[in-house]
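Below: the structure, in C-alpha cells.
The values are calculated or read from the model by the stated rules, or taken from the named source; none is laboratory data. No experiment lies behind these values; they were computed from the predicted model shown. Cβ placement follows ideal geometry from the backbone for every residue including glycine, while neighbour counts extend to all protein chains displayed.
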Amino acid sequence: MSVERVVEAIGCTAVQWNYKTDCCGANWEDIGYRDGADGARRERAADHAKACAEYGITVDEKAWRRGYE
C-alpha cells in the first residue's frame, strides 16, 4: 500500500509535491556527497532546507555538510 493511500485511509489528503522522495527519509550525508561531486555550491543545503520545510521536513544540515566535504 502506498503512503498516499495510508494517509487518505486515516482521513487526510495526500499532497503531491516534487521533493517528497528527496526529503522523506533522506540520507542527507549521501545527498551532500552527490551535491559536492556534482559541483553544487555550499548554499545547496539551504535550497534543500527551503524545499523540504514547506512540507514540515527538516534537513540534517550537519550530515549534508559531512557528505559534501
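In summary, residue 5 fulfils each of the numbered conditions (1) part of a loop (DSSP other than H, G, I, E, B); (2) at pLDDT below 85 with the single exception of condition (1). Within the range 55-69, the set of residues being more than 17 Å from residue 25 (Cβ to Cβ) and not in a helix (DSSP H, G or I) comprises 69 only. When the range 45-63 is filtered for residues that are at pLDDT below 95 and of a type in the set (A, V, I, L, M, F, W, C), the ones remaining, listed by number, are 45, 46, 49, 51, 52, 53, 57, 59. Within the range 24-44, how many residues turn out to be under 10 Å from the mean Cα position of the chain (by Cα) and modelled with pLDDT of 90 or more? Number of matching residues: 3.
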